[in-house]
Amino acid sequence: MSELFDRVDMGLLWLDESGLIGLCNRWLSEAARWPAPPLGQTLEQAFGPELSPKLVQAVDEALRRGRSVRLSHAFHPTPLPLAPRRGDAQQRLQQQIDVQPAEHGGRMGCLIQVRDLTELTRREALLKEQARRLAHDLGELRIAQDELTRQSTRLRELTRIAPVALFETDLQGMLLYTNERFLSLWQLRIGGILGRHWSALLPAAAAAAMVEPWKELLAAQDRPYRDVRVAQEGETERWLRMEASLLRNLDGEAFGTLSSLVDVSELYRRSQQFEHRAHHDALTGLPNRDRLLQRLEGALAAARHLGRSLPLVFLDLDGFKPINDHHGHATGDALLQALAQRLRRQLRADDLLARVGGDEFALLLSDADGAAQVARIMAKLEDVLREPFELNGLRLHVGCSWGLAQYPADGGDADALLAAADARMYLHKQQRRRRDASTENHAP
Amino acid sequence: MSTNLGELERDALGEAFNMALGEAAASFADLVQEEITLSVPSVDLLARQELAERLAALQLPGLAERLTAISQNFHSQDRLLNTEALLLFGEQGSLEIVRRMLGQHDMPLEHITELEQDALGEVGNIIINSCMNTLSGIFGTEMIGSLPDVLQASADNLFDGHQAGQVVLMVRIGMGLQSHDITGYVLFLMDLPSLDQVIRKVRLYFGME
């Protein structure tokens, strides 16, 4: 029997009714570092002060009351001072101990079984640590996933509500994604467009205008934008503001492109309007004094450079004030508009007729060499002014006085020329008044 | 010997096991350091199959899932009285008890590990032994006990090892932890001769004979 016990891979100890060791297998003797089984000794004598009182109590329960008692490792890791049988004697085995009443050799007593849980404990600690880490990683993953979902929702909503057309392509320009605005901008439907070159989906003129700027934008480091004029036949002028950038992975390698298009036609229209308003007289639509000066400076610079002369005419209406006073401002304004149109029609596209005051105009003539040519043009203008204006059932007559100043003879800059022309006009007006007065005196 | 319990016998058995379980609950309360509430005991005589069905039908917290059972066999010295005492918890409940006692509330593992089963074995052992101490006093005989067995199974499979026709004295006493939604049950399984012994000893104890 005892030889059989020696082969068991756990500690076995049998105590008789009085608690004396009656049997001890080899496993336990080795783990307890006993040279020989301490037969006839009590547990306290055999194991010394390291013996757990819980075990003593359990043995008592078994011997006196027949109870079987388990001391689990979790609550009593080392009830006995046992060490690994081959290894450090200071180390302690992690144990599970079962105590149960048991007869041996016809005598009542109790059996103590000792299992070594050291390896199991190690494995479970590892398992729990891994489970904890896994749970932690899973938690992190869940957070990341949540964030990703939030981001992609955010992105989807952004692309939906953004007032820009967006399109993503691979590096070859093949379409991978567009938002709805891109589709509506070009009146496309989503079916069948992905995988095609983005420019192939556009009207030919637009594609031609946009491909080169797009490539330039991608090549640019500082990601500026480009406004592209998209000409579509039969439509009003259209401007698109294009931005494009490369999409890069974490290593910085480009893997695609993302571009946006915004229709800025309205912006352009407005800025042209502002420009026009700043430089034109609101009533007649003629260029204003600012515009005249601007053009005059340019023309003077050219004339200076080419060594040519430059004629400037100052023109003032005769008989306008009485009309204004008599028939009201509305009629005066209508007359100015009609008059401006009539004069404008007589001039070449390059000539500039500007309204510089209430009934004062200035005329910058291009390519008019010499006073004679100017006089011819002015005669023509006087002719058309002499024709009466039919306005609101009225028949109105105005005349004009004008003065010519020439660069460089009459002045070297705009102010001097204007002043000279103004002075000549005044002279002209006075001469006419005198003449008219004498004609009136001689009239019958 | 009858398989039908009379009113008085039922009451006497109920009282006996109530005393025993009161003792057990006290030691359990010591272990978890929390007050344990006991339900009024119900005593029933059932066939094994019936017991499994009753357990499966219990719509109580934890019992719908797998069960953790800690069982110990006991016999009187004359071996005329044999019984198996079973302590039942839902798997989640038992997990919570043991991790609570080991201070590992945050353990993400879903199942009971081997060491945790070992610990549960000791917990059940303490509860069942203290219950049996009281019963021994009532029976007037020492009850020799085996070591605890910890097993996990569904209610259907819990009694696979038993004879189908065996009669079970089901003493059902719920033990609840207040801070946790954990309820445990204690069952005593015994054959008819043992039941006869128990009834006789209980009647004797309460002066009914």
Looking only at the stretch A:377-405, which residues are outside any strand (DSSP E or B) and either closer than 18 Å to A:Gly328 by Cβ or not aliphatic (A, V, I, L, M) (or both)?
-> A:Lys380, A:Glu382, A:Asp383, A:Arg386, A:Glu387, A:Pro388, A:Asn392, A:Gly393, A:His397, A:Val398
Is it fair to say A:Gly412 is closer than 21 Å to A:Gly307 by Cβ and within 58 Å of the chain's Cα centre (by Cα)?
-> yes
Residue count, the stretch B:108-125, condition more than 7 Å from chain A (Cβ to nearest Cβ) and either among the polar types (S, T, N, Q) or over 20 Å from B:Gly90 (Cβ atoms) (or both), comes to 1
What is the one condition in (1) touching a Leu at 6+ places or on another chain (Cβ under 9 Å); (2) surrounded by fewer than 15 Cβ atoms within 10 Å (Cβ to Cβ); (3) aliphatic (A, V, I, L, M) that A:Leu250 does not satisfy?
-> (1)
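Okay, residues lined up against (1) aromatic (Phe, Trp, Tyr); (2) within 18 Å of A:Arg67 (Cβ to Cβ); (3) in contact (Cβ under 8 Å) with a residue 24 or more places away in the chain; (4) at the interface with another protein chain (Cβ under 10 Å from one of its Cβ atoms):
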{"site": "B:Gln33", "(1), (2), (3), (4)": "no, no, no, no"}
{"site": "B:Ser39", "(1), (2), (3), (4)": "no, no, yes, no"}
{"site": "B:Leu45", "(1), (2), (3), (4)": "no, no, yes, no"}
{"site": "B:Ala69", "(1), (2), (3), (4)": "no, no, yes, no"}
{"site": "B:Leu81", "(1), (2), (3), (4)": "no, yes, yes, no"}
{"site": "B:Gln92", "(1), (2), (3), (4)": "no, no, yes, no"}
{"site": "B:Arg100", "(1), (2), (3), (4)": "no, no, yes, no"}
{"site": "B:Ile127", "(1), (2), (3), (4)": "no, yes, yes, no"}
{"site": "B:Met132", "(1), (2), (3), (4)": "no, yes, yes, yes"}
Scan the stretch A:56-80 for residues that are over 17 Å from A:Arg122 (Cα atoms), within 14 Å of chain B (Cβ to nearest Cβ) and assigned to a loop (DSSP other than H, G, I, E, B) and jot them down.
-> A:Gly66, A:Arg67, A:Ser68, A:Pro79
Has the stretch B:151-164 got any residue that is facing chain A (nearest Cβ under 10 Å) and more than 20 Å from B:Phe89 (Cβ to Cβ)?
-> no
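Mind listing whichever residues of the stretch A:385-417 are farther than 27 Å from A:Asp290 by Cα and surrounded by fewer than 13 Cβ atoms within 10 Å (Cβ to Cβ)?
Let us first name the residues in the stretch A:385-417 that are farther than 27 Å from A:Asp290 by Cα, namely A:386-397.
Across the stretch A:385-417, the qualifying residues are A:Arg386, A:Glu387, A:Pro388, A:Glu390, A:Asn392, A:Gly393, A:Arg395, A:His397.
Being under 17 Å from the mean Cα position of the chain (by Cα) and either of a type in the set (S, T, N, Q) or within 13 Å of B:Gln72 (Cβ to Cβ) (or both) is the filter here, so list the residues in the stretch B:89-116 that pass it. Give the steps one after another, and end with the answer.
Our first condition is that a residue be under 17 Å from the mean Cα position of the chain (by Cα); within the stretch B:89-116, this holds for B:89-91, B:93-94, B:97.
Across the stretch B:89-116, the qualifying residue is only B:Ser94.
Mind listing whichever residues of the stretch A:81-101 are within 22 Å of A:Pro53 (Cβ to Cβ) and part of a loop (DSSP other than H, G, I, E, B)? Break it down into steps so the answer makes sense when it comes.
Taking the stretch A:81-101 and keeping what is within 22 Å of A:Pro53 (Cβ to Cβ), we get A:81-83, A:92-101.
Correct list: A:Pro81, A:Leu82, A:Ala83, A:Arg92, A:Leu93, A:Gln94.
Yes or no: the stretch A:272-283 includes at least one residue that is within 30 Å of A:Lys215 (Cα to Cα), within 43 Å of the chain's Cα centre (by Cα) and surrounded by fewer than 17 Cβ atoms within 10 Å (Cβ to Cβ).
Step one: of the stretch A:272-283, the residues within 30 Å of A:Lys215 (Cα to Cα) are A:272.
After this cut, where a residue has to be within 43 Å of the chain's Cα centre (by Cα) as well, the list is A:272.
Keeping just the survivors that are surrounded by fewer than 17 Cβ atoms within 10 Å (Cβ to Cβ) gives A:272.
Within the stretch A:272-283, one or more residues are within 30 Å of A:Lys215 (Cα to Cα), within 43 Å of the chain's Cα centre (by Cα) and surrounded by fewer than 17 Cβ atoms within 10 Å (Cβ to Cβ).
List the strands (runs of 3 or more DSSP E) that sit entirely inside the stretch A:152-256 and contain at least 1 residues that are in contact (Cβ under 8 Å) with a residue 60 or more places away in the chain and in contact with a Lys or Arg (Cβ under 9 Å, 6 or more places away or on another chain). Even if it seems obvious, please write down each step before you answer.
Details: elements: A:165-169, A:175-178, A:226-230, A:238-248.
By residue number, A:165-169.
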Taking A:Ala46 as the residue in question, decide whether it is more than 11 Å from chain B (Cβ to nearest Cβ), aliphatic (A, V, I, L, M), assigned to a loop (DSSP other than H, G, I, E, B) and more than 60 Å from the chain's Cα centre (by Cα).
-> no
Does A:Ile193 fit the bill of being β-branched (Val, Ile, Thr), exposed (fewer than 13 other Cβ atoms within 10 Å of the Cβ) and at negative phi?
-> no
Just for the stretch A:109-130: of the residues that are in contact with a helix residue (DSSP H, G or I) (Cβ under 8 Å, 6 or more places away or on another chain) and within 10 Å of chain B (Cβ to nearest Cβ), which one is surrounded by the most Cβ atoms within 10 Å (Cβ to Cβ)?
-> A:Leu117
Do you know which residues across the stretch A:406-430 are acidic (Asp, Glu) and closer than 29 Å to A:Thr331 by Cβ?
-> A:Asp422
Among (1) of a type in the set (S, T, N, Q); (2) at the interface with another protein chain (Cβ under 10 Å from one of its Cβ atoms); (3) surrounded by 14 or more Cβ atoms within 10 Å (Cβ to Cβ) - the single one B:Gln77 does not satisfy = (3)
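Only the coordinates and a few stated rules stand behind these numbers; no lab work does. Note that the structure is predicted; figures quoted are calculated from it, not measured. Note that each Cβ is placed from the backbone with ideal geometry, even for glycine, and that neighbours are counted across all protein chains shown.
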